[in-house]
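Peer 1: Attaching a single structure in structure tokens format; questions to follow.
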Amino acid sequence: MKLKHNDSRRRSRIGLSIVAIMMALLFSACSGNSAPASDSNANRAGGQQTANNGGEQNKTANKETEGEKPTQTSSSGGTEAELPKEVRIGFQVIPNAELLAKTLGLVEKKFPDVKINWVQFDSGRDVNTAIASGGIDLGLAGSVPVAIGIANKLEYQVYFLHDIIGDNEALAVKEAAGVKDVSGLKGKKVAAPFGSTTHFSLLSALKEAGLEASDVKVLDLQPPDILAAWQRGDIDAAFVWQPTLAKLIENKGTILTTAKKLAEKGIITADVGVVSTAFANKYPQFLKQYVGVLDEAIAFYRSEPEKAAQSIGDFINQSAQDSLAQMNELVWLTSEEQRSEQYLGNGVGSVFAKVLKETGDFLVTQQSIPSAPDLAAFEAGIRTDALQP
């Protein structure tokens, strides 16, 4: 989900002005990283649907939500709001506020008359596929697949930043490989989910170390497959996120670099909330209230971090201590904090729009996408009405 360039190949470096912008984004985020994380992992939750790839994820979620008769439901403030009968939320097992909201049942509590279908995905690439096919209404994807989605004119918009990525994503290598730094990966087998933030970070780390992608054997594997390949001895290293990352370290792995270290060099990535534009236009009150639920989860994490960690830990079958450590590796931002131009702002002029633009430009240099649109297209891809008080 990140990117970076190399000293011997400075031709592909992003301008220093953008690096400065990204650094401002990172350090402003880190300065507010006292916030706790959320818990909302949904593999077996009641009524939840599981999808592991773009072909399977839509089998149980093909209803046209826009065509359903809306339900009149009173919000907690007592005002009538037009709400859909059913909402399909594509989530990933990342210890952030959305996962916390799911594990605490906050969404179902807020919308008792709306059927909430949780659809699990392994990567943002599959979320893009689901949005494109109409299989989900809201989804979580990394900043890299979102940049790809906007470049490909997917009919969705960014409505929330679920987290700014730090040490939650890292490049792990097997101790038996005898590799001490990224340059030592030459000739090794390295895995990452293609089109993800970690794939982006891997390419950036290789460039930073003076290597081309062709200098290593890069394999396209999803997190569960990365763990299996690691245990079989089929790969030497992988750039992946938590909780898979922790399992690699437990299985005789060590960390070479992290998303946080790359961000310190100007390469920032985030986990992003996207919503179908048609759904958001029809049900703006649902989206606004859903953001309120995410804020509620963030407040709970900040005030009761141990309880929040226990909720997420129970869901992903790990200790509360490990969950809290992983939650703290991410920067959680409330809707109020995201209204700053340092983040989503009003879309136009926002730093995050510039990050998406620079990400798209970098992907073009890597031949991952044929072209990237201008900044205005990325600004238009940010929707901020749900962030307003």
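Values in this text are rule-based calculations from the coordinates and carry no lab data. Owing to the predicted nature of the structure, the values given are computational and were not obtained by experimental measurement. Cβ sites come from the backbone with ideal geometry, for glycine too, and all protein chains shown count toward neighbours.
Peer 1: Expressed as a rounded percentage, what relative contact order does segment 292-389 have, with Cα pairs under 8 Å and six or more residues apart?
Peer 2: After rounding, I find 21 percent.
Peer 1: Could you tell me whether segment 260-372 comes out rounded, prolate or oblate from its Cα gyration tensor? Rule is a ≥ b ≥ c as square roots of the eigenvalues, rounded for a/c under 1.5, then prolate if a/b exceeds b/c, otherwise oblate.
Peer 2: Cα axes put segment 260-372 in the oblate bin.
Peer 1: Still on this structure, I have one more. Can you tally the net charge around Lys252? Count Lys and Arg as +1, Asp and Glu as -1, for every other residue whose Cβ sits under 9 Å from the Cβ of Lys252.
Peer 2: Net local charge, Lys252 excluded: -1.
Peer 1: Would you check segment 137-244 for Lys pairs whose C-alpha atoms are within less than 28 Å, ignoring same-chain pairs closer than 8 in sequence, and give me the count?
Peer 2: 16
Peer 1: By the gyration tensor of its Cα atoms, with a ≥ b ≥ c the square roots of the eigenvalues, what is the shape of segment 127-177: rounded for a/c under 1.5, prolate for a/b over b/c, or oblate?
Peer 2: Prolate shape, in that a/c is at least 1.5 and a/b is the bigger ratio.
Peer 1: Sticking with this structure for a sec: How high is the relative contact order of segment 194-289? Use alpha-carbon pairs under 8 Å, at least six apart in sequence, and give a whole percent.
Peer 2: 26 percent
Peer 1: Further question on the same structure: What whole number of Å gives the distance from the Cα centroid of segment 180-223 to the Cα centroid of segment 89-141?
Peer 2: 29 Å
Peer 1: Right, next: Just tell me which aspartates and glutamates come within less than 16 Å, Cα to Cα, of Lys110; anything on the same chain fewer than 8 places away is out.
Peer 2: Partners found: Glu80, Glu82, Glu86, Glu98, Asp295, Glu296.
Peer 1: What is the set of long-range amide H partners of Leu221 at a cut-off below 5 Å, with H atoms built 1.01 Å from backbone N?
Peer 2: Ala192, Phe194
Peer 1: Further question on the same structure: Determine, for each peptide in 225-236, 353-364, the mean count of other beta carbons within 10 angstrom over its residues, then list the peptides with the highest first.
Peer 2: The packing order, highest mean first, is 353-364, 225-236.
Peer 1: Ok, one more. Taking amide hydrogens as modeled 1.01 Å from N in the peptide plane, which residues meet the under 5 Å criterion relative to Thr257, leaving out close sequence neighbours?
Peer 2: For Thr257, the qualifying residues are Leu171.
Peer 1: How big, on average over all directions, is the shadow cast by the Cα convex hull of segment 123-232, in nm²?
Peer 2: Over all viewing directions, segment 123-232 projects a mean Cα-hull area of 8.0 nm².
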